[in-house]
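Notes to accompany the following structure.
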Amino acid sequence: MNRNVSQTAKVLGVDGTLVKQWAFLFKDHLSPDANPSKGKPRSFRDADLLVLAYVYDHWDAVDTEDIENGLSRDEHYDDRFRESLYWYTPLLQEPPDDLDETWRHGILLCAEEDGTAILSWRGITGM
């Protein structure tokens, strides 16, 4: 799921200008859409939200170098940041544009024009 600056700010409980500042300061840890070329809107993926949640959690306590180090150690993947993100992630979402035959796991529910539903499930291979 992608979120704009306003939606991201709402999830984090901060002002949009702070989201933009963090996106610039920690751009090496974010997707390219978080810092797009001039004239294109910012867009934050779930992985970006984990980074920004980590930044938010450490913003007042440490300096940017310490935050960089924590992000480099993947500390933003801690369960508490994931659980926080899940509260703001809708259960039903549009499938991503790049969904193709390499799709490996999940549930896909599609509505047909006649109102019937098609359910497709793929398990993680090797499990």
Checklist entry - Under the condition of being of a type in the set (A, V, I, L, M, F, W, C) and either part of a loop (DSSP other than H, G, I, E, B) or in contact with a Leu (Cβ under 8 Å, 6 or more places away or on another chain) (or both), which residue from region 30-46 is surrounded by the fewest Cβ atoms within 10 Å (Cβ to Cβ)? => result Leu30
Checklist outcome for this item: Taking region 1-29 and keeping residues modelled with pLDDT of 95 or more and buried (at least 18 other Cβ atoms within 10 Å of the Cβ) leaves Val5, Val19, Trp22, Ala23, Phe26, His29
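For (1) outside any helix (DSSP H, G or I); (2) farther than 29 Å from Leu99 by Cβ, each residue gets a yes or a no:
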{"site": "Met1", "(1), (2)": "yes, no"}
{"site": "Val11", "(1), (2)": "no, no"}
{"site": "Thr17", "(1), (2)": "no, yes"}
{"site": "Phe24", "(1), (2)": "no, yes"}
{"site": "Asp60", "(1), (2)": "yes, yes"}
Next on the checklist: Checking the conditions here, which among Asp78, Asp74, Asp60 is over 12 Å from the mean Cα position of the chain (by Cα), modelled with pLDDT under 95, among the acidic types (Asp, Glu) and at positive phi?
Outcome noted: Asp74
Item to check | So Ser84, is it surrounded by 11 or more Cβ atoms within 10 Å (Cβ to Cβ), over 30 Å from Ala111 (Cβ atoms), of a type in the set (S, T, N, Q) and without any contact (Cβ under 8 Å) to a residue 60 or more places away in the chain | outcome: yes
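The values are calculated or read from the model by the stated rules, or taken from the named source; none is laboratory data. What you see is a predicted model; the values in this text were computed from it and never measured. Positions of Cβ are backbone-derived with ideal geometry, glycine not excepted, and every protein chain shown enters the neighbour counts.
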